[in-house]
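The values are calculated or read from the model by the stated rules, or taken from the named source; none is laboratory data. These numbers were taken from a predicted model, which means no experiment stands behind them. Cβ coordinates were reconstructed from backbone atoms using ideal geometry, including for glycine residues, and neighbour counts include every protein chain displayed. For the accessible areas, the whole protein counts, side chains as well, though only heavy atoms, and no ligand, DNA or RNA atoms are used. Shrake-Rupley method; radii C 1.70, N 1.55, O 1.52, S 1.80 Å.
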Amino acid sequence: MSDAAALPGQPRGGVLSGPATSRAFNVLAPNASAMTLDGTNTWIVAEPDSDLAVVIDPGPLDETHLQAVVAAAEGAGKRVALTLLTHGHPDHAEGAARFAELTRTHVRALDPALRLGDEGLGAGDVITTGGLELRVVPTPGHTADSLCFHLPADRAVLTGDTVLGRGTTVVAHPDGRLGDYLDSLRRLRSLTVDDGVHTVLPGHGPVLEDAQGAVDFYLAHRANRLAQVETAAEKGFTTASEVVAQVYADVDRSLWPAAELSVRAQLEYLREHGLI
């Protein structure tokens, strides 16, 4: 969910990308918008020599898209064995229950309300399916239940909405919190430095091949926005809507409601730290 980028064009349902890595490819959901960029990337991840696949973020409740994901997996010689969610926003998770019916799989997520089956997801969990290894990385901030999935064999990380392929993401206050989000970005940066992660497989937008550069950009962007919000508050603009009009004046007004969520999170952060 982007707060700063609107993209042209409306993609067709079931648009299949080429392989992003040797283990991951995506089917693009037909839900393009200013908030979802080109649409939701539904990721299919599997070991090349295995007939089992994991699907991450089935996307919206769109039957054509969900059937296209199943068909894409089958076309690659894979059977979907497990469904995972990066977080509970409808553009990522609304179709999960129907997708579980189509594939007869369990759905695993951090939020118990989103799970279908007995197993949740949490810090330190390692998912192994058909020889595939995915490591769960809690990354709250965009939402409280946001997760990323580290794919060490491909030196990649599937980021949901924590890092997008283009633009920046919303800190969806009050569920999302800026302090948590900054900590999550630093956690992802550690993956790039300590674990050699170089590829970002985002929930929206194109694949990024400079993971460290992307995370550094996000950290710098958040610091810049926070300074702008602090300056606006010091000038007497105290409500979120007033601050948005000052700080996001150069951003398309259709994105201002999303920007207001991030501003609320930033104002809360500044107050908590005694800065305003």
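Using Cα pairs closer than 8 Å and at least 6 residues apart in sequence, work out the relative contact order for the chain, in percent. About 15 percent, as a whole number.
Based on DSSP H segments of at least four residues, each scored -39500 (n - 2.57), the chain has a per-residue ellipticity at 222 nm of -10500 deg cm²/dmol.
Selection among GLY75, LEU188, ALA258 by position relative to the dipole of the chain gives ALA258 as farthest towards the positive end (Cβ unit charges, Cα centre).
Across all C-alpha atoms in the chain, the radius of gyration and Dmax reach 18.4, 61 Å. Taking the average, over residues, of other Cβ atoms within 10 Å as the packing measure, peptides 124-133, 142-151, 64-73 rank 142-151, 64-73, 124-133 from highest down. A straight line joining the Cα centroids of region 206-271 and region 131-168 runs 22 Å. Taken per residue, the accessible surface of the chain reaches 40 Å², heavy atoms only and a 1.4 Å probe. Seen from a random direction on average, the alpha-carbon convex hull of region 14-149 projects onto 7.4 square nanometres.
Here the chain exposes an accessible surface that is 50 percent carbon and sulfur, computed with a 1.4 Å probe and the other protein chains kept in place.
Its alpha carbons considered, region 79-200 gives a radius of gyration followed by a Dmax of 14.2, 40 Å. Over region 162-246, the ratio between the Cα radius of gyration and 2.2 N^0.38 Å evaluates to 1.23. In region 114-260, the inverse of the mean reciprocal separation of distinct Cα atoms equals 16.4 Å; this is its Kirkwood hydrodynamic radius.
Here the chain is assigned +1 on the Cβ of each Lys and Arg and -1 on the Cβ of each Asp and Glu. Its dipole about the Cα centre then comes out at about 140 debye.
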